[in-house]
Structures are given as structure tokens and as C-alpha cells.
Amino acid sequence: MQIKFSTVILRKLLVSSALLISILSHENFVTAQDGNMDNFIDSKSSKIAKDVKKWRRHLHENPELSSEEFKTAKYVESLLKKFGLKPQNGVAKTGVVAVLQGGLPGPTVAIRADMDALPILEETGLKFSSKNKGVMHACGHDFHTSILLGVAKLLSERKKDIPGTIKFIFQPAEEAPSGQLVGARLMVDEGVLKNPDIEAIFGLHVEPELDVGDLGYASGPFMASSDLFTITIKGKRSHGAYPWKGIDAILVAAEVVTSLQTIVSRRIDARKPVVITIGKINGGENFNIIADEVVLEGTVRTLDPDAHAKVPELMKEIIDGITSAHGAKYEFSYTRGAPVTVNDPELTANSVSSLENTSGIDSVHITTPTMGAEDFAWFANEVPGFYFDLGVRNEKEGKIYGVHTALFNPDERALEIGVRVMSNVVIDYLRNNSK
Ligand SMILES: [Zn+2]
Ligand SMILES: [Zn+2]
């Protein structure tokens, strides 16, 4: 708190002394302040906070599902044009990308925001609640999009002083339903990290477990990989009174379900977190018939890239062994989803300094990695990435509900904080990495 306080006081002093100098020297205040990018980011973030809130509310009222973000993309595109950028649309179907070429030489980085909403009926009762019934920005992607718009507006105004190039990536389909490719993967496949070549990428996510004003991060792996699988056990139908005449697919499936957990408890290094969940099981025809087929569906999560590589083979061994012991057959399909999201340790260490300088050391927390997944992983798999959490919780105002719930209502004060922090993280990186 001490440092946060002194940083704020220091900034205020700098702003007031700039004002005093400008008055004494009959210069324009804005010009005097323009000399210092840090001050500019600080004061501009609060000046545009109203706009960012307006954009956020517009997006919140008009949510669109994954890969259907047509109006959202148009809205983003029109604002980017107003900021003097030349956005490219239709990237990964509904994504929008814009490049800000700074006036000074330096590296090229990207900032990513996701734009899609969820199939949830909103129950917040907010006056700007979703007008698209049954669809809701319940994961805060309205925050992410409007914050990135704020960063784009702010930095576009100081284009000439920016040492490098910034690509703004407005990504569709982060919440793509299972079986469909997620937006980040599609964008990487379409070459969004090339031409110009990105050397680092940044992103943030709202976090209702953290108080507004606080930020969270973890270095290294911090969000799990997410794969899905289907196992079909094929037995042989017979009368329930004569099981020896058939092969009981339910009994075999039960053994498979139980034994798969031994991968976690006995086959994978216990220091590497792995989750194997079977969330759906379907089979049988009647109470007195030996079932000839059972279908199991589930997900595998892990924070360890080696375990991620190993699990499917271990699953196959178990399924193969158990089915053959019972004379049953099987089909096994395993689909890889998002890889482990890894925060590059060096990039993280440097970016955390920017977080601390902007928000104060006491507001920045190391968070526990989660077994949830995030498709930012596809970007961070290609180039060093830094992804952090933006606190949006406010107990007093009842803004306590989690993402993906109908009552999710993040504190809008986080919008300004998001713009300020992200702008500083990116500008600091460009400054520190330009020769
Ligand atoms: Zn989500
Ligand atoms: Zn999300």
C-alpha cells in the first residue's frame, strides 16, 4: 500500500509541476505533459475511462456467440478507424486486427482481447443487460475488448513516440463449443503472429476472485491444457439372466472408469497436476438386458507439457488391457484442445515490474495456477506470452459472482485500470527492448 500510495503521489506531483511549468512558461499544458509517456498514459487512461465504459456497455448489451461476432467486429472496426488505424477484418472469420506502427524503431508485439459471449440468460438486472436473449457476456470479454480499444486509442495518439510496432488482435471464438476450433488457434493458423513477426504477446482476463484494483499472475504454466476424449466399449448383448452368454459393456466400462484414475495416482509424476474426468456415460437398453455398448466422454487437464504428451498413450494401454481381458472391443478418440498456457518466465519478470510500478507492489499477487483452460495458450505456444488477471470483485456492491454465471457483474472501475496497466506493460517492453 505504501508504494502504491507514493507512486500515486509522485505522479500527481509530476502532473502538477508540469502544469505549473506550462503556466509559467505560457506553454500549452498538453504539450508539456506530452514530453513524458508515463504521465500521458496515466492521465489519458482516466480521461478516456468514460468512453471505455460506454464501449463496454454497448458490447454488453449486444453480445454475440463464438464465430458469430459480426456486429461486435463491425463496432470494433469502426472505432479503430476513428483512432486513425487501418483494421483488417474477417481474420479467423470474425476477428479484427490492426497494426500501430510507432514513429521510432523498436520490436513488434501483440495485445490480444477475445470478443465472444456465452449461451447464458442474463440475470443481473443491469440497465444495460443483454438485448440478445439467452446470450450474455458472462466471461468478461466485453471488458477485454473495450480495454484493448482504450489501449489502441491511447497509444494511437502518441504514435510518433512509440519505439516499435503494436498489433491489436481482437479474437473471436474463445468459448467455441467442443469439437470446434477455437479462435486463437484459427488466428495462429492464418498467420496472425507473422507479417510483421510478433516477438511477444500480452493479454489479460477479468478475475472475480480478486478485488478491483488488484492484479494477479503466475510465472510458467498457469492454466491447464484441455483435451477431450470419447471411449466406446463394445460388448455383446444377451439376456440379463444369462450374462455368460454375452459380454457386459457396462461392467467393462465401470472397470475402465475406475482404472483411468490410476494414471493420475500411479503413472504420472505426483508433482505434476493431471485431472482425468469422465463427465458423460451412456449405454444399455433395458434393466434386464446385458448392454452391448457404452460410450464414455471426458476431459483431460494438466499443467505439465510432458504429462500432456503422455496421458493419451497411458489411457489407451488401460482401455486396451481391460477390454481384451473381458473379450470386449473398443474405439478411442482423443482430441487435443488448448495446450498448457505458459507465461514466459523472463517476459513475466519484466512485465510484473510494470504491473507493480503502475498499480503498486501490494496490489500485485502471485496466483495459483488453475486447471481451467484458455485459448491464449495457442499464441503463447508460438511466441513468449504474458497473461495476467485483472481484479473485478467488489464485495460491498455485491459484485462477487463468478465467470460463466448469469449474475456475473464485474466492477467497471477495472476498465480504466486495465487500460493503464496494459499500456504501461507494452510501452515498457518496447522501450526496454529497442536498441
Ligand atoms: Zn470463459
Ligand atoms: Zn474468458
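Quick notes
- The single condition from (1) touching a residue at least 24 places away in the same chain (Cβ under 8 Å); (2) surrounded by fewer than 21 Cβ atoms within 10 Å (Cβ to Cβ); (3) more than 30 Å from Ala184 (Cβ to Cβ) that Ser324 fails is (1).
- Of residues in segment 407-435 being within 19 Å of the chain's Cα centre (by Cα) and either within 16 Å of ligand 1 (Cβ to nearest atom) or part of a strand (DSSP E or B) (or both), the one nearest to Thr145 (Cα to Cα): Pro410
- Condition met for Leu154 (outside any loop (DSSP other than H, G, I, E, B), in contact with a strand residue (DSSP E or B) (Cβ under 6 Å, 6 or more places away or on another chain) and surrounded by 15 or more Cβ atoms within 10 Å (Cβ to Cβ)): no
- Residue match in segment 195-209 (condition: surrounded by fewer than 21 Cβ atoms within 10 Å (Cβ to Cβ) and either under 21 Å from Leu415 (Cβ atoms) or within 16 Å of ligand 2 (Cβ to nearest atom) (or both)): yes
- Any chance Ala241 is in contact (Cβ under 8 Å) with a residue 24 or more places away in the chain, more than 32 Å from the chain's Cα centre (by Cα) and in a helix (DSSP H, G or I): no
- Taking segment 122-165 as the range and being more than 16 Å from ligand 1 (Cβ to nearest atom), in contact with a His (Cβ under 9 Å, 6 or more places away or on another chain) and within 17 Å of Ala49 (Cβ to Cβ) as the test, the residues that pass are Phe128, Ser146.
- Residue match in segment 369-391 (condition: among the hydroxyl-bearing types (Ser, Thr, Tyr) and under 27 Å from Asn433 (Cα atoms)): yes
- Just one residue in the set Ala380, Ala373, Ala406 is over 20 Å from Leu155 (Cα atoms), small (Gly, Ala, Ser) and at pLDDT below 95; that residue is Ala373.
- Pairs with Cβ under 7 Å, 6+ apart, first in segment 128-152 and over 18 Å from Asp411 (Cβ atoms), second within 11 Å of ligand 2 (Cβ to nearest atom) and at pLDDT 95 or above: Val135/Ala117; Leu148/Ala113
- Among the residues making up segment 88-117, those that are within 16 Å of ligand 1 (Cβ to nearest atom) and outside any loop (DSSP other than H, G, I, E, B) are Arg112, Ala113, Asp114.
- Residues satisfying the stated conditions in segment 324-339, i.e. modelled with pLDDT under 95 and assigned to a strand (DSSP E or B): Thr335
- Hits in segment 133-150 - residues which are in contact with a Ser or Thr (Cβ under 8 Å, 6 or more places away or on another chain), within 10 Å of ligand 2 (Cβ to nearest atom) and more than 18 Å from Thr94 (Cα to Cα): Ala138
- Flag for Gly246 being of a type outside the set (A, V, I, L, M), in the same structural domain as Gly327 (by TED's automatic domain parsing), more than 16 Å from His365 (Cβ to Cβ) and in contact (Cβ under 8 Å) with a residue 12 or more places away in the chain: yes
- Taking segment 357-395 as the range and being among the polar types (S, T, N, Q), under 10 Å from Asp214 (Cβ atoms) and either assigned to a strand (DSSP E or B) or not assigned by TED's automatic domain parsing to the domain that holds Lys194 (or both) as the test, no residue passes.
- The lone exception for Glu374 - which of (1) within 16 Å of ligand 1 (Cβ to nearest atom); (2) charged (D, E, K, R); (3) closer than 30 Å to Lys245 by Cβ it fails: (3)
The values are calculated or read from the model by the stated rules, or taken from the named source; none is laboratory data. A quick note: this is a predicted structure, and the numbers were derived from the prediction, not measured. Backbone-built Cβ (ideal geometry, glycine too); neighbour counts: all protein chains shown.
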